[in-house]
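Laboratory data are not the source of any read-out in this text; all were calculated from the coordinates shown. Everything numeric here is computed off the predicted structure, so don't read it as measured data. Heads up, the Cβs are rebuilt from the backbone with ideal geometry, glycines too, and the neighbour counts pull from every protein chain shown.
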Protein chains: 2
Amino acid sequence: MLTPDRISLNTATVKEQWTLAQCIEGCARHGLGGISPWRDKLQEMGVTNAAKAIRDTGIRVSGLCRGGWYTGDGALTNAVLDDNRRAVDEAAGIGAECLVMVVGGLLPGSRDIGAARAMVEEGLAHTLDYARTAGINVAIEPLHPMTAADRAVVNTLRQALDICDRLGPGIGVAVDVYHVWWDPEVKAQIRRAGKDRLMAFHICDWLVPTTDLLNDRGMMGDGVIDIPGLRAEAESAGFDGLNEVEIFSTGNWWQRDPDEVLSTIVERGRIAC
Amino acid sequence: MLTPDRISLNTATVKEQWTLAQCIEGCARHGLGGISPWRDKLQEMGVTNAAKAIRDTGIRVSGLCRGGWYTGDGALTNAVLDDNRRAVDEAAGIGAECLVMVVGGLLPGSRDIGAARAMVEEGLAHTLDYARTAGINVAIEPLHPMTAADRAVVNTLRQALDICDRLGPGIGVAVDVYHVWWDPEVKAQIRRAGKDRLMAFHICDWLVPTTDLLNDRGMMGDGVIDIPGLRAEAESAGFDGLNEVEIFSTGNWWQRDPDEVLSTIVERGRIAC
């Protein structure tokens, strides 16, 4: 059971309907405890304006989505590294509790997933150096293996935590139940992460059937993920942050009145989380 | 580089076009080294007829697809266990080198993936007992995590090999590159499996984008899997069986002339494997 003050709205959940200003107002109106903007919406509103609006409502910023995408240019270009530094600055500007990293997929035209993974780790090290100076936590989000080719070559918590072990303090993981629920090791790896490295906890649900690899996520309670079980494991490992609702849903939630979406989130927090 | 004699046709690849009898003839005509029937096609032709036709062509039977599905009834019913014994008998009847197990997804109406996994392991133990008496190898096929809810709760080679460790001799894994290519541990787990437990090796390719979770697999060379690299790892671990081509493809290969499909398989074996 999650009360609204323990829930954060990831703006992707209503990205087709609301601007960031509307999201911030909506969170306040529905009593949510926090928000996690995507960068396109943040840049559209402007960091200063957004920071002020968020401060005025008193809600927390559970994260900024997203840095990463290190492999997109086929090399760690200045453009990629600069963009990640800007992401750190934006996270700092709005007081985000972490910068969530979607690391990028295979290099263009390549089948060498090992090369992509090496490039990602090197890129993360660069971003982490800068993030430490800004006091921003870097949270690697392991993405579901079905996204390995085109979105993220970090696909399990074990793999992400191995990277964290090598890179040292200031870097941890964003646990999204959608991406990790299937993993036989998920609970053991959540325990391994521990309080310091559990930087974000994202919720939604896995629908049966799932009709799209990217944009057919379900509202909590509509699918098969044991959300209370995973949440309990994270809390028992020391996580005390917000539960961030991130639902990509072309065919359903992106079509609805966003106030209905937020009401549903609040209701499902009470009965399905 | 794979010569045709090292390739086996999984009948799912042309399931919309050919009966098993036509598949057997087609394999012989294209010089393939083996076949792996699905049970529905085998039952349609009859085990005795199929065994004779296969023997007459001199091709090998790299596997029988599939046993398993232990969770479908929500309990290990006699119906499920009997069906798996029949699968063992059918595998023996056609001289299959292994019985491939797709273990089943979550229990109907349940979110308890741990319970499903426990039931699967108990079911495998039963089938293995019987398979040992028939001299049939049982090959667990870890399926891609995107199938965990509705097809298979065994999703990594590590998990499958842990089960094999507990159940003892006669059980191993079917490595399908489509299901495991993304795994940071895939090569280490192939080495761990070793010759005795590498019972089947399935090939096809991961398309970008992938438009369906089940039936949008690609022909070797059309996607991003490093097939030669994974195959080399398996061979270096001692695998010397056939490379079984299993492509589910509603929109493409199931629409084509099956002789064109087999010619393409032979060609891609030479240039993309």
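Compute a Gaussian network model of chain A, connecting alpha carbons closer than 10 Å, and tell me which residue from A:107, A:143, A:242 fluctuates the most. In the Gaussian network model the winner is A:107.
Between residue A:137 and A:99, the built amide H atoms are under 5 Å apart, and every one of these is 5 or more places off in sequence or on another chain. In this structure, the amide hydrogen of residue B:38, modeled 1.01 Å from its nitrogen in the peptide plane, lies closer than 5 angstrom to those of B:11, B:12, B:65, counting only residues at least 5 positions away or on a different chain.
Take residue B:114, push a point 7 Å out from Cα through the beta-carbon direction, and compare it with the same point in every other copy: 3.6 nm, smallest first. Note on B:236, A:249: ascending count of other Cβ atoms within 10 Å places them as B:236, A:249, the fewest first. The string of couplings for segment A:105-112 from the Karplus curve (6.51, -1.76, 1.60, θ = phi - 60°) is x, 5, 5, x, x, 10, 10, 8 Hz, one whole number per residue in order, with x for Gly and Pro. Between this copy and the others, label points of residue A:165 are 1.6 nm apart in ascending order, each placed 7 angstrom from Cα in the Cβ direction.
Dipole size in debye (nearest 20) for the protein assembly as shown around its Cα centre, Lys and Arg Cβ +1, Asp and Glu Cβ -1? Spell out each step's value before the answer.
Working: 54 positive and 76 negative charges, 157 e Å.
So the magnitude is around 760 debye.
Counted as membrane-span-like here are DSSP H helices of chain B whose alpha-carbon atoms extend 24 Å or more along the helix's own axis and whose Kyte-Doolittle mean is -0.5 or above; these are B:113-134.
Take the alpha carbon atoms of segment A:136-188, find their center, do the same for segment B:217-258, and report the distance between the two centers in whole angstrom. What the calculation gives is 28 Å, centre to centre.
Phi angles of segment A:208-223 translate, via the Karplus equation with coefficients 6.51, -1.76, 1.60 and θ = phi - 60°, into HN-Hα couplings of 10, x, 9, 9, 8, 6, 10, 10, 10, 7, x, 5, 3, x, 8, x Hz per residue; Gly and Pro are given as x.
If I take every Cα pair under 8 Å that is 6 or more residues apart in segment B:32-76, average their sequence separation and divide by the length, what percent do I get for the relative contact order? RCO, segment B:32-76: 54 percent. Exposure proxy for A:231, A:6: other Cβ atoms within 10 Å of each Cβ, ordered fewest to most, give A:6, A:231. Along segment A:8-18 the Karplus relation, 6.51 cos²θ - 1.76 cosθ + 1.60 evaluated at θ = phi - 60°, assigns HN-Hα couplings of 10, 9, 7, 5, 4, 5, 10, 5, 7, 9, 10 Hz to successive residues, with x for each Gly and Pro. Could you name the lysines in cross-link range of residue B:41, using Cα to Cα under 22 Å and dropping any fewer than eight places away on the same chain? List returned: B:15, B:52.
About the centre of its Cα atoms, segment A:229-268 shows a dipole size close to 120 debye [charges on the beta carbon of Lys, Arg (+1) and Asp, Glu (-1) only; nearest 20 debye]. For residue B:73, the point set 7 Å out from Cα toward Cβ sits 6.0 nm from its twins in the other copies, listed from shortest up.
Rounded, prolate or oblate: pick one for segment A:4-272, where a ≥ b ≥ c are the square roots of the eigenvalues of its C-alpha gyration tensor, a/c under 1.5 means rounded, and failing that, prolate if a/b is larger than b/c, else oblate. The shape class here is rounded. Ordering B:75, B:113, B:96 by Cα displacement along the dipole of segment B:29-126 toward the positive end leaves B:96 in first place; charges were set at the Cβ atoms of Lys, Arg (+1) and Asp, Glu (-1).
Relative to the Cα centre, what is the charge dipole magnitude of chain B, using +1 at the beta carbon of each Lys and Arg, -1 at the beta carbon of each Asp and Glu, and rounding to the nearest 20 debye?
Working: 27 positive and 38 negative charges, 90 e Å.
Roughly 440 debye for chain B.
Go ahead and estimate [θ] at 222 nm for chain B from helices alone: -39,500 (n - 2.57) per DSSP H run with n ≥ 4, summed, over the residue count, rounded to 500.
Values: 10 runs with 118 residues, N = 273.
Taken over chain B, the calculation gives -13500 deg cm²/dmol.
Mean-square fluctuations from a GNM of chain A, with a 10 angstrom spring cutoff on Cα atoms, peak among A:217, A:66, A:166 at A:166.
Database remark: amide H of residue A:207 closer than 5 angstrom to the amide H of A:218 (H placed geometrically; neighbours at sequence offset of 5 or more, or on other chains; Pro and chain starts carry no H). Model label sites at residue A:214 and residue A:191, defined 7 Å from Cα along the beta-carbon direction, differ in position by 3.7 nm.
May I ask you to derive the relative contact order of chain B, considering only C-alpha pairs under 8 Å and at least 6 residues apart, and to give it as an integer percent?
Numbers: 578 pairs, mean separation 56.9, N = 273.
Here the relative contact order equals 21 percent.
Cβ-to-Cβ counts within 10 Å put B:248, B:239 in ascending order as B:248, B:239, the fewest first. When chain B is treated as a GNM, springs tying every alpha-carbon pair under 10 Å, which of B:158, B:85, B:29 comes out with the largest mean-square fluctuation? Of B:158, B:85, B:29, the most mobile in the Gaussian network model is B:29. Derived from the Cα gyration tensor, the three semi-axes of the equivalent ellipsoid of the protein assembly as shown are 45, 24, 20 Å, largest first. The mean number of partner chain beta-carbon atoms within 10 angstrom of a residue's beta-carbon across peptide B:207-214 is 4.
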